[in-house]
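Okay, structure first, notes after.
The values are calculated or read from the model by the stated rules, or taken from the named source; none is laboratory data. In this text the structure is predicted, and so the values were computed from the model without any measurement. For neighbour counting, all protein chains shown are included, and Cβ atoms are generated from backbone atoms with ideal geometry for every residue, glycine included.
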Amino acid sequence: MRTELLIAGGGSGGVAAAMMACDLGHRVIMTEETDWVGGQLTAQIVPPDEHPWIEQFGCTRRYRDFRNRVRKAYFENSSLSDSARSNPQLNPGKGWVSRLCFEPEVGHDVIQAMLAPYVAKGLLTILLKHKPHSAMVNRDRVEAVRFLNLEIGKFLTVEADVFLDATELGDLLPMTGTEYVVGAESKADTKEPNAVEGSAEWDNVQGITWCFALANDPNGEHRIPKPVQYEKWKDWKPNFWPGPILGFDVLHAHTGETRELPLYGRKPGDWYALFPYRQIVSPSVLPGKHPATVVNWPQNDYFEATIMDVDPLPRGDEIPEWFDIPGAMGPVSAVRLHDAKQLSLSLLYWLQNDAPRHDDQPGAYPNLYMSPKLAGTEDGFAKYPYIREARRIQAEYVVKEQDVAAYTNENEDRAPSFDDSVGVGAYRIDLHPSTNGANTIDTSTLPFEIPLRSLVPVRMTNLIPACKNLGVTHITNGCYRLHPVEWNIGESAAALASYTLRMGSAQAVSSSPQKVAELQKLLVNQGVELRWPKLRAL
């Protein structure tokens, strides 16, 4: 197949890029490894992590449209309670991690509806169940990417003028020979206060989580068979953790102190509990439904080992048996992804059989069950593991901790501005435990901008990152990886791709003040915010 723009990866950044590119009149092919588009918002079933001002400003117009459409879908549901229907800022699941916790299928339906007009016009072709396999490169330019159709087991080659890597792990970077970084940089190189001492650590990567949808049937019993790896995970205790990973004692992310995080609050009104944390179904909103949540908790963070760059790149026409495992690029990563799923399954078994109850009653929680319908899968697991950290391009500018942290910019209410800003974001630097044993890093930031140069590789002329694989460090990835920021990255990457088509290279755009100004004007007209108003640290 042949197209102007190829977007590899149909996650949050990928779908945002597709909308922008099509609105600019380009022909686009977007591939996706699963059968759902939307990434974090849908296939990974993670309610959006957002900043406090999201209802007023601090996101793109298309992202706001997505949020509004999700609420509209609930308002059009005939089963919605009267109290929920009268709330214009409805939080469908009432989870406390976000102002908009919703069922993944609703989010997927909304994104499909947003993409449908472009498909109908012939501007957008969506290829589901297509996984990147290899690439054809001529010097500093990508010429084509080869995909495996996971449904029929055949290869498809897509040629394009510009390529956007919106995969969750930055899959195109090693395939194309694009210079990239993986893991944690050295403090000697970045001068970041929280960077690692000594040499860089390629295997210091935030853990992944294989999330699942968990519902509560008050009158049922749903115990599952004991998972194969249960005994391993039941007794597993990281060096820095206060007890076994399967337990309710956790480290408070901000203070580092041991704190109980129970399944439910110990008294009415307690909000600091696991089930309401990412709750996506509330009977007070949808009467008659079982309450349900997304299990993306400290207890099922898999950080035993990294899944990136542990296997050789696939070659030839052989289709190995592991290739249809989401995220796997070889036998080693396939085993580790299996282990991540086993950890999550072991957590469910522990909750049903061995967990101490919050109300001190005997019997654990056998009424909990995994909900396939909510996850859109046969087993209730997400279609794809939740990825927090990807490979990152070596960019013309790499955003460092000093650019965003509150403690390196004292008495400021916003992070230092970039002349070439192509978007905004706001979130704490939130690093989960790493795959080489490093503990959590969670520190305060200032609302920040996305510099255009962080989307421009140092050498490759027609490959642009459109997900978490832009020019950030291991540290700053912790605040650039969230849903609205990734969405903004996707839109801005597509706008840069449009200019790259005209100029011949991404570098020709970023090096021209005139073109940067034109691009910024286009982004503003398309509803992308480039600056923050006066605010405060997070």
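No other residue among Val528, Val472 is among the β-branched types (Val, Ile, Thr), within 25 Å of Val142 (Cβ to Cβ) and in contact with a helix residue (DSSP H, G or I) (Cβ under 9 Å, 6 or more places away or on another chain) apart from Val472. For the range 268-322, what are the residues that are without any contact (Cβ under 8 Å) to a residue 40 or more places away in the chain and in a helix (DSSP H, G or I)? If the condition is that a residue be without any contact (Cβ under 8 Å) to a residue 40 or more places away in the chain and in a helix (DSSP H, G or I), then Leu274 is the only one that fits.
Return a yes/no flag: does the range 440-461 have any residue that is within 20 Å of Ile307 (Cβ to Cβ), modelled with pLDDT under 95 and in a loop (DSSP other than H, G, I, E, B). Yes, there is a match, as at least one residue in the range 440-461 is within 20 Å of Ile307 (Cβ to Cβ), modelled with pLDDT under 95 and in a loop (DSSP other than H, G, I, E, B).
Per-residue answers, yes or no, for (1) without any contact (Cβ under 8 Å) to a residue 40 or more places away in the chain; (2) crowded, with 18+ Cβ neighbours inside 10 Å; (3) touching a Lys or Arg at 6+ places or on another chain (Cβ under 9 Å); (4) part of a strand (DSSP E or B):
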{"residue": "Phe102", "(1), (2), (3), (4)": "no, yes, yes, no"}
{"residue": "Glu105", "(1), (2), (3), (4)": "no, no, yes, no"}
{"residue": "Glu151", "(1), (2), (3), (4)": "yes, no, yes, no"}
{"residue": "Leu214", "(1), (2), (3), (4)": "no, yes, no, yes"}
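Taken over the range 166-179, residues that are crowded, with 24+ Cβ neighbours inside 10 Å, within 19 Å of Thr473 (Cβ to Cβ) and touching a helix residue (DSSP H, G or I) at 6+ places or on another chain (Cβ under 9 Å) amount to 2. Pairs are defined by a Cβ separation below 7 Å, a sequence spacing of at least 6 or placement on different chains, a first member in the range 245-258 that is under 22 Å from Asp359 (Cα atoms) and at pLDDT 85 or above, and a second member that is assigned to a strand (DSSP E or B) and aliphatic (A, V, I, L, M); the pairs so defined are Thr258/Leu251. Per this entry, Pro298 is not counted among residues that are under 18 Å from Phe147 (Cβ atoms) and buried (at least 18 other Cβ atoms within 10 Å of the Cβ).
Could you say which residue among Gly327, Gly316 is over 23 Å from the mean Cα position of the chain (by Cα) and more than 19 Å from Ser346 (Cβ to Cβ)? If you could, list the steps in order and put the result at the bottom.
Values: Gly327 fails: over 23 Å from the mean Cα position of the chain (by Cα).
After ruling out the rest, the residue left standing is Gly316.
The one condition from (1) closer than 27 Å to Pro320 by Cβ; (2) surrounded by fewer than 19 Cβ atoms within 10 Å (Cβ to Cβ) that Ala120 does not meet is (1).
Can we say Tyr264 is more than 22 Å from Ala334 (Cα to Cα), in a loop (DSSP other than H, G, I, E, B) and in contact with a helix residue (DSSP H, G or I) (Cβ under 6 Å, 6 or more places away or on another chain)? Judged against the criteria, Tyr264 is a match. Taking the range 489-532 as the search range and keeping residues that are touching a Phe, Trp or Tyr at 6+ places or on another chain (Cβ under 7 Å) and not aliphatic (A, V, I, L, M), which one is nearest to Pro451 (Cα to Cα)? Out of the qualifying residues, it is Glu529.
For the range 331-370, how many residues meet the condition of being without any contact (Cβ under 8 Å) to a residue 40 or more places away in the chain and not in a loop (DSSP other than H, G, I, E, B)? Selection size over the range 331-370: 7.
If you go through the range 376-384 one residue at a time, do you hit one that is modelled with pLDDT of 95 or more, small (Gly, Ala, Ser), assigned to a helix (DSSP H, G or I) and in contact with a Cys (Cβ under 8 Å, 6 or more places away or on another chain)? The answer is no, given that none of the residues of the range 376-384 is modelled with pLDDT of 95 or more, small (Gly, Ala, Ser), assigned to a helix (DSSP H, G or I) and in contact with a Cys (Cβ under 8 Å, 6 or more places away or on another chain).
Taking the condition of being at pLDDT 95 or above and surrounded by fewer than 17 Cβ atoms within 10 Å (Cβ to Cβ), how many residues in the range 523-538 meet it? First the steps, then the outcome.
Start the filter on the range 523-538 by keeping residues that are at pLDDT 95 or above, which leaves 523-532.
If we keep only those that are surrounded by fewer than 17 Cβ atoms within 10 Å (Cβ to Cβ) as well, we get 524-525, 527, 531.
The qualifying residues number 4.
For Ala382, the stated conditions do not hold, so it cannot be described as surrounded by fewer than 19 Cβ atoms within 10 Å (Cβ to Cβ) and either in contact with a helix residue (DSSP H, G or I) (Cβ under 9 Å, 6 or more places away or on another chain) or under 22 Å from Asp49 (Cα atoms) (or both). Scanning the range 365-373 turns up no residue that is within 20 Å of Arg481 (Cα to Cα), more than 20 Å from the chain's Cα centre (by Cα) and surrounded by fewer than 22 Cβ atoms within 10 Å (Cβ to Cβ). Residues that are in contact (Cβ under 8 Å) with a residue 40 or more places away in the chain and not in a helix (DSSP H, G or I) within the range 68-90 comprise Asn77, Ser79, Leu80, Ser81, Leu90, listed in sequence order. Every test in (1) under 24 Å from Gln206 (Cα atoms); (2) in contact (Cβ under 8 Å) with a residue 60 or more places away in the chain; (3) surrounded by 24 or more Cβ atoms within 10 Å (Cβ to Cβ) is passed by Arg428 save one, and that test is (3).
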